[in-house]
Amino acid sequence: MPLDKAIELLQNEDVVTSNGQLKDALQTVLNEHPAAKKSDINILAYDNFDINADYFSMARQIAHDLGGTAIIRTPNFVSVASEDFPRAAIAEGEQDYLEHVREPVVSLNALLDDLGSYSVPWTIYSLIVGAVIIAIFFALTAYWMKRPATKMTESR
């Protein structure tokens, strides 16, 4: 299916695929999953994998044109682009998706779980920055204590 036709269909539907059972199953996941409430999620599902297709560029185009999050899936691949979720969450979700790639409902749930629950580990980052500041303080203090007296103390 050409991308422009898919985008046209995705304006009115959340899931576009030629497989009716797959469409119903994926739509059910979208209707029930909490992460789907954080973003307008559009899924384009292909029945086969085309080695010449640039699925990530297609996903980016869908996300750009429709906003929200675009998921393109094939029987053995997934590509996600989003305006609402960080790239780190997407990468984590794609990896979990591929672990269950033969089970579309399980894999979509795994992807959405990662998208919806991802958070930046600020505590760890804060502890690292604090440790670096303390190390710099002690290093500078040791340096200042060991350096020779300046001319001001000699002139007194």
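Say whether the condition of being within 19 Å of Asp96 (Cα to Cα) and in contact with a Gly (Cβ under 6 Å, 6 or more places away or on another chain) is met by at least one residue in the stretch 10-27. No, the stretch 10-27 contains no residue that is within 19 Å of Asp96 (Cα to Cα) and in contact with a Gly (Cβ under 6 Å, 6 or more places away or on another chain). When restricted to residues that are more than 19 Å from Leu30 (Cα to Cα) and free of Cβ contacts under 8 Å to residues at least 40 places away in the same chain, the stretch 51-76 contains 10. A Cβ distance below 8 Å, combined with a sequence gap of six or more or placement on separate chains, defines the contacts here; from the stretch 20-41, residues that are within 12 Å of Leu112 (Cβ to Cβ) and crowded, with 18+ Cβ neighbours inside 10 Å reach residues that are modelled with pLDDT of 90 or more and among the hydroxyl-bearing types (Ser, Thr, Tyr) in the pairs Leu26/Thr17; Ser39/Thr69; Ser39/Ser82; Ile41/Thr69.
Residue count for the stretch 11-27, restricted to those that are out of contact with any strand residue (DSSP E or B) (no Cβ under 7 Å at 6 or more places or on another chain) and closer than 15 Å to Leu111 by Cβ: 1. Is it true that Asp113 is of a type in the set (Asp, Glu), open to solvent by 60 Å² or more (accessible area, probe 1.4 Å) and farther than 19 Å from Thr28 by Cα? Judged against the criteria, Asp113 is not a match. Test each condition in (1) touching a helix residue (DSSP H, G or I) at 6+ places or on another chain (Cβ under 9 Å); (2) open to solvent by 10 Å² or more (accessible area, probe 1.4 Å); (3) more than 20 Å from Asn19 (Cα to Cα) for His100 and report the one that comes out false. Only one criterion is unmet by His100, namely (3). Of everything listed in (1) closer than 22 Å to Gly116 by Cβ; (2) surrounded by fewer than 14 Cβ atoms within 10 Å (Cβ to Cβ), the single unmet condition for Leu44 is (2).
Conditions (1) outside any strand (DSSP E or B); (2) farther than 24 Å from Gln11 by Cα, marked per residue:
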| position | (1), (2) |
| --- | --- |
| Ala25 | yes, no |
| Gln61 | yes, no |
| Arg73 | no, no |
| Val78 | no, no |
| Ala88 | yes, yes |
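The values are calculated or read from the model by the stated rules, or taken from the named source; none is laboratory data. Just so it is clear, the model here is predicted, and its values are computed rather than measured. Neighbour counts run over all protein chains shown; Cβ positions are idealised from the backbone, glycine included. Heads up: the accessible areas ignore ligands, DNA and RNA and are worked out on the full protein's heavy atoms, side chains in. Shrake-Rupley method; radii C 1.70, N 1.55, O 1.52, S 1.80 Å.
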